[in-house]
């Protein structure tokens, strides 16, 4: 692990995901596509966006969520990521797979909480850390 930026602290960890884990995630993604559950446009809040039709100009990527502690391998990844930050795996969100094609981006944004139908926001506790494995295909 090596620090590549300060304030905020950003660290790079080579081979955070094993080849077995990458292949497993690839199989999950393929299975979701086979069941019409593939990538969807990245949104501010998936549940409410569907109701309100919220579009976010800061997100042009597509996203797929895995189930929390979906299986032994995803639990292993969640546990490793949480442990790296000094947390229990129960404090992690479900794994999220984000896909970008050339020109797409996920720009600066703020995760404030759930946008309600009346336009108010149900606040979430702030995310203090993120683990972002990256794979260039």
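The values are calculated or read from the model by the stated rules, or taken from the named source; none is laboratory data. Predicted model, so just to flag it, every value in this text is computed and none were measured. Using ideal geometry, Cβ is built from the backbone for each residue, glycine included, and neighbour counts are taken over all protein chains shown.
Scanning segment 29-45 for residues that are touching a helix residue (DSSP H, G or I) at 6+ places or on another chain (Cβ under 8 Å) and buried (at least 16 other Cβ atoms within 10 Å of the Cβ) yields one hit, 43.
Wholly within segment 65-137, which strands (runs of 3 or more DSSP E) include no fewer than the required count, namely at least 1 residues that are touching a strand residue (DSSP E or B) at 6+ places or on another chain (Cβ under 6 Å) and at pLDDT below 80?
Values: elements: 96-99, 113-115, 121-123.
Counting at least 1 such residues, we get 113-115, 121-123.
Any residue at all in segment 42-63 that's under 12 Å from the mean Cα position of the chain (by Cα), part of a strand (DSSP E or B) and at pLDDT below 85? The answer is yes, given that some residue of segment 42-63 is under 12 Å from the mean Cα position of the chain (by Cα), part of a strand (DSSP E or B) and at pLDDT below 85.
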